[in-house]
Ligand SMILES: [Zn+2]
């Protein structure tokens, strides 16, 4: 079973705007719709995609999560999301939990927060208590300028502050910060996804080294579709010098375990 743990799609009314938000020379690989994602999955032999919506401002929390719940069926599973500044975060967190969604997507650059802000510690404690994982953007982002709000060192400190909270760090824990990923994160009991990463961003040697040091059982295949083609992400991962057992774990087994899916 192949599971893409990091995809995006957009409600029809904002889809075109979302697609135009990416700065040149980057271009989306598909159109950002549910139908487009399903077509891409069929072409590339992907059985399930996890979609990551984002609550970009507190007032959108209910709308975004209700949309996520509506789309949470068939070959597409959804995470919920939460804005840390939301005065009604407790209620919204409980709602996501009651729908059976397994985790929350957060993006500190868009949501303008940092994980070392003590005001938000009760939120992370509640996630830990309810068994919801957090999937966060990590490192460089093509839409933002440095300094970035997350990096491998800061994320390692966050994990150490909340060791019982399941963390999934996108982009191997720090997009374009690969040496720091090796130094601070590789080997810690957190999950790293492979979203957006191919030979244009990292050498196959360093990617393989990070996966081996971290342990293939905590790496999750993710593409970042529509911003990256699912097929080329898959091809890059398959081309790495890893065993078939390691590849099977990365491409689906680890994700199935986190999402509690039989495969
Ligand atoms: Zn993404």
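Arranged from fewest to most other beta-carbon atoms within 10 Å of their beta carbon, 97, 127, 143 become 143, 97, 127. Of the peptides 101-107, 66-72, the order by per-residue mean of other Cβ atoms within 10 Å, starting with the highest, comes out as 101-107, 66-72. Note on the chain: with a GNM built from Cα contacts shorter than 10 Å, the maximum mean-square fluctuation among 63, 80, 139 falls on 63.
Going by how many other Cβ atoms sit within 10 Å of their own, how do 110, 191 line up, fewest first? Please list the in-between numbers first.
Values: 110 17, 191 21.
So the ranking, lowest neighbour count to highest, is 110, 191.
What separates the Cα centres of the range 87-107 and the range 1-16 is a distance of 19 Å. A Gaussian network model of the chain, with springs between Cα atoms under 10 Å, assigns the largest mean-square fluctuation among 61, 186, 21 to 21.
The spacing between the range 122-158 and the range 26-84, judged by their C-alpha centroids, is 19 Å.
By the gyration tensor of its Cα atoms, with a ≥ b ≥ c the square roots of the eigenvalues, what is the shape of the range 1-110: rounded for a/c under 1.5, prolate for a/b over b/c, or oblate?
Details: a/c = 2.14, a/b = 1.32, b/c = 1.62.
The shape class here is oblate.
For the range 67-217, the share of DSSP beta bridges that are antiparallel, to the nearest 5, is 10%.
Highest mobility in the GNM of the chain, judged by mean-square fluctuation with C-alpha springs under 10 Å and restricted to 30, 250, 142, is found for 142. Compute the distance from the alpha-carbon center of the range 234-251 to that of the range 159-189, in whole Å. When both Cα centres are located, 20 Å separates them.
Bridges between two residues of the range 3-259, per DSSP, are antiparallel at a rate of about 5%.
Any read-out appearing in this document is the output of simple, stated calculations on the displayed coordinates, not a laboratory observation. Being a predicted model, the structure only gives us computed values, none of them experimental. Cβ: placed from backbone, ideal geometry, glycine included. Neighbour counts: every protein chain shown.
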